[in-house]
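What follows is a set of notes on a single structure, which appears directly below.
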Amino acid sequence: MADYDRCWDIISATNPHANATKFNSQGFEKSYENVTGNLRDQIETITSDSRVILFVGSDRQSYQDDIVKAGMKINGRALGTGNAFESWVHEFGHDWGTCWELNKALLSDSNQPCSSWNEERQSPKNTEETEEQTKVNLLQNVIKQLLLEDFVKLYMFDDNKDILEYVRLNAKIPKNMELTTIHYDWFADAGGMSIVNQDY
């Protein structure tokens, strides 16, 4: 499960700021190559020689959410044909020789049989729901998609350590699954902090 904003968006082909020239001109302590290398190394470590199913671990869970966030952050689209998640499946599956597939399940599907990946559906967010609880709901939705698998190693990337801790304490993980949360905040990494941390 990949979070987008301040996490995997740094390696997104749809993010106009995710390139070495722009990044390196902003005065960060670390170079673009160094920062993205940290994330790519982590991805390669956990996916090497594995069947990988990529899920949207971001709160961009609908067309509306994706459009609004892309406009606010100016970092490109994550969902829909040809955008970040579809690009990653092609890029990582091809370059590292692993088997990657994209599961397009989103909270905006609202239990309908087909994904809202390319449909202009409204945000499923409940205004009274915390960001932490939204992430738990997101993980539970991912787990529903994987219930028929024999054994699953779940990896959840996010830039917010507090959210990851909340998820670990509140999510219900089936016996045939193992959850690892990975804290990755590229902005903090670029500023010189070591931030690729795993918790079980």
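The values are calculated or read from the model by the stated rules, or taken from the named source; none is laboratory data. All values reported here derive from a predicted model rather than from experimental measurement. Please note: Cβ atoms are built from the backbone with ideal geometry, for glycine as well, and neighbour counts cover all protein chains shown.
Residue check: is Arg60 over 16 Å from Met1 (Cβ atoms) and either modelled with pLDDT of 95 or more or of a type outside the set (A, V, I, L, M) (or both)?
Numbers: over 16 Å from Met1 (Cβ atoms): no; either modelled with pLDDT of 95 or more or of a type outside the set (A, V, I, L, M) (or both): yes.
In short, no.
Give the number of residues within the stretch 165-182 that are surrounded by 19 or more Cβ atoms within 10 Å (Cβ to Cβ) and assigned to a helix (DSSP H, G or I).
The number of residues fulfilling the criteria is 1.
For the stretch 110-143, which residues satisfy the criterion of being among the hydrophobic types (A, V, I, L, M, F, W, C) and either over 17 Å from Arg60 (Cα atoms) or surrounded by fewer than 12 Cβ atoms within 10 Å (Cβ to Cβ) (or both)?
Cys114, Ile143, listed by residue number.
Looking only at the stretch 144-164, which residues are surrounded by fewer than 20 Cβ atoms within 10 Å (Cβ to Cβ) and in a helix (DSSP H, G or I)?
Lys144, Gln145, Lys161, Asp162
Yes or no, residue by residue, for (1) more than 24 Å from Val167 (Cα to Cα); (2) modelled with pLDDT of 95 or more:
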{"residue": "Met72", "(1), (2)": "yes, yes"}
{"residue": "Leu79", "(1), (2)": "no, yes"}
{"residue": "Asp109", "(1), (2)": "no, no"}
{"residue": "Glu131", "(1), (2)": "no, no"}
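I'm trying to understand the selection: among the residues of the stretch 93-107, which are modelled with pLDDT of 90 or more and surrounded by 14 or more Cβ atoms within 10 Å (Cβ to Cβ)?
Hits for the stretch 93-107 are Trp100, Leu102, Asn103, Lys104, Ala105, Leu106, Leu107.
For residues that are of a type in the set (Gly, Ala, Ser) and surrounded by fewer than 20 Cβ atoms within 10 Å (Cβ to Cβ), scanning just the stretch 77-88, find the one that is farthest from the chain's Cα centre (by Cα).
My answer is Gly82.
When only residues in the stretch 21-54 that are polar (S, T, N, Q) and farther than 24 Å from His90 by Cβ count, which is nearest to the chain's Cα centre (by Cα)? Break it down into steps so the answer makes sense when it comes.
Kept after step one, since they are polar (S, T, N, Q), are these residues of the stretch 21-54: 21, 24-26, 31, 34, 36, 38, 42, 45, 47-48, 50.
Pick out the ones that are also farther than 24 Å from His90 by Cβ and you get 24-26, 31, 34.
On the way: Asn24: 24, Ser25: 26, Gln26: 25, Ser31: 22, Asn34: 20 Å.
Per the stated criteria, the residue is Asn34.
Give the number of residues within the stretch 29-72 that are surrounded by fewer than 18 Cβ atoms within 10 Å (Cβ to Cβ), in contact (Cβ under 8 Å) with a residue 40 or more places away in the chain, in a loop (DSSP other than H, G, I, E, B) and not charged (D, E, K, R).
So the count comes out to 2.
May I ask you to list pairs of residues, at least six apart or on different chains, whose Cβ atoms are under 9 Å apart, with the first in the stretch 73-92 being under 14 Å from Ile53 (Cα atoms) and the second being surrounded by fewer than 14 Cβ atoms within 10 Å (Cβ to Cβ)?
Val89/Glu101; Phe92/Glu44
Somewhere in the stretch 119-136, is a residue touching a Leu at 6+ places or on another chain (Cβ under 9 Å), within 23 Å of Thr180 (Cα to Cα) and not in a loop (DSSP other than H, G, I, E, B)?
Yes: the stretch 119-136 contains one or more residues that are touching a Leu at 6+ places or on another chain (Cβ under 9 Å), within 23 Å of Thr180 (Cα to Cα) and not in a loop (DSSP other than H, G, I, E, B).
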